[in-house]
Amino acid sequence: MIHLSVPNLCGNELKYVKKCIKTEWISTAGHYIAIFEKKIASYLGSKYAVACINGTSALQVALRLLKVGRGDEVIVPTITFIAPVNSIIYNNAKPIFMDCDNYYNLDINKTIQFIKTETVFKGNYTFNKKTGNRIPAILPVHLWGNAVDLERLITLCKKRNITIVEDAAESFGTKYTRGKLKNKFTGTIGKLGCLSFNGNKIITTGGGGMILTNDKKLAKEAKYLVSQAKDNSLRYIHNDVGYNFRLTNMQAALGLAQLENYKKFKKKKNQIHKFYKSKISKIKGLELASLPDYSDNNKWLNIMKINTKIYKMEVLAVIKKLKKKDVETRPIWYPNHLQKKFKTYQKYKINNAIKLLHSSLCLPSSTNIKISELKKIIKILNA
């Protein structure tokens, strides 16, 4: 089976994990955790990084740090993994769903239009005209490794006191290449940024996450909350309700080894993307989804767009065709505003997301994929 996106454990993973076992530091204490946090922060240019158990927990804690709660609403794209939406619900707030652009990211034009026409600013806060609820935060997601065009959003959000919390789960290492954000990495632009090191990501800890911030106070509080809000470790005094969201030393060891090979992984991702782009462009009715030209994207997943009228096959039929030949693909994320539990929440002018849903699928993009496997995929698509 040619899988969609699997780990590439080709470095010091076993060496570091063995050291954890040998020293018996295998749980939520151990020196690899602090090293991993510092290395991630240093690589991305963030002052602080707080490790946690997964990307979802990072998002949940990030919103709590901003005091997002009951009676609040958070702007979020409809095309995304369900985690950022769930993190809003976990904090007793409500999502406002936005459409996506042609890079599958938050539609900045519609978001700006919504803020300017559908909200009012009073008492230093932005309120939804329709519901009367406060909108303290926006949660853009850098999908597939594509950077959201945040430069166009920053000034308005600052003026309206809407805090940007980035979901950079899929975009580790993606960097802006022009404008005011030039040379800055996704996840470091907003007040808080969240990473995921799930097994399918470009670097993995098996399952893990990270909260990024330049705010010392927020970093300290994040560390406090993910560690059960412990005020006195000797007497087990807890003055707040925290979470058991700590990363283990073994996971951090794995992540450290993965980070050492990130440049190698990024190079392979570029090669995969280049191959797909050159070959798919020659097949009538198919094209590789374009990437933003304002950033150097990590190309975590490659997305193929299908003109069903020309190619004569629907997305699900193409997925089935590839699966019969042992090639794993999948559709893009199902729009969250259509999910059973989320249908009652507000949505704003969503149409492009539906078009992309019915014309897009994710292609195998693992960094250990072989050239022979890539050729096989193209051969099947050509048949």
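Just so you know, all these numbers are worked out from the coordinates, no wet-lab data involved. Note that the structure is a prediction, hence the values are computed from the model and not measured. With ideal geometry, Cβ positions are generated from the backbone for all residues, glycine too; neighbour counts draw on all protein chains shown.
The phi torsions of segment 263-271, fed into the Karplus equation with coefficients 6.51, -1.76 and 1.60 and a -60° offset, translate into couplings of 4, 5, 5, 5, 4, 5, 4, 4, 5 Hz, rounded to whole numbers, with Gly and Pro shown as x.
Applied to segment 96-113, the Karplus parametrisation 6.51 cos²θ - 1.76 cosθ + 1.60 on θ = phi - 60° returns per-residue 3J(HN,Hα) values of 10, 8, 10, 6, 10, 8, 6, 9, 6, 9, 3, 6, 5, 4, 5, 5, 4, 4 Hz, with x for Gly and Pro.
One decimal place: the segment Lys220-Ser372 gains 49.9 nm when fully extended, by the rule 0.36 nm per residue minus the C-alpha distance. Ordering of 25-37, 55-67 by packing is 55-67, 25-37, highest average first (other Cβ atoms within 10 Å, averaged per residue). Only beta bridges with both residues in the chain are counted; by DSSP, about 60 percent of them are antiparallel.
Report the paramagnetic label zone for Lys274: residues of segment 360-376 whose backbone N is under 12 Å from a point 7 Å from Cα along the Cα-to-Cβ axis. Taking a point 7 Å out along Cα→Cβ of Lys274, no residue of segment 360-376 has its backbone N under 12 Å.
Peptides 39-45, 128-134 ranked from most to least packed by the mean count of surrounding Cβ atoms within 10 Å: 39-45, 128-134. Computed over the Cα atoms of segment 162-281, pair by distinct pair, the Kirkwood hydrodynamic radius stands at 16.6 angstrom. Under the simplified labelling scheme, the Lys159-Asn183 pair shows an inter-label distance of 2.9 nm, with each label point 7 Å from Cα along Cα→Cβ. Placing a pseudo-label 7 Å from each Cα along the Cα-to-Cβ vector at Cys10 and Asn92 gives an inter-label distance of 4.9 nm. For segment 286-296, backbone phi angles converted through the Karplus equation (6.51, -1.76, 1.60; θ = phi - 60°) give residue-by-residue couplings of 10, 7, 7, 4, 6, 10, x, 8, 9, 8, 9 Hz, Gly and Pro being listed as x.
Here the peptides 347-360, 200-213 are ranked by packing, the mean other Cβ count within 10 Å, and the order with the highest first is 200-213, 347-360. Expressed as a whole number of Å, what is the distance separating the alpha-carbon centroids of segment 329-343 and segment 197-213? If we compute the Cα centre of each part, the gap is 23 Å. For Thr119, nonlocal amide neighbours, meaning residues 5 or more places apart or on other chains whose placed amide H falls under 5 Å from its own, are Lys129. The helix-only estimate of mean residue ellipticity at 222 nm for the chain, built from DSSP H runs of length n ≥ 4 each weighted as -39500 (n - 2.57), is -11000 deg cm²/dmol after division by the residue total.
How high is the FRET efficiency between Met1 and Lys309 when r is their beta carbon distance and R₀ equals 22 Å, given to the nearest 0.05? It comes out at approximately 0.10. Within segment 58-116, the proportion of C-alpha pairs whose separation exceeds 17 Å stands at 40%. The amide H of Gly190, built 1.01 Å from its N in the peptide plane, has Glu166 as neighbours under 5 Å, considering only residues 5 or more places off or on other chains. Divided by 2.2 N^0.38 Å, where N counts the residues, the Cα radius of gyration of segment 262-382 comes to 1.15.
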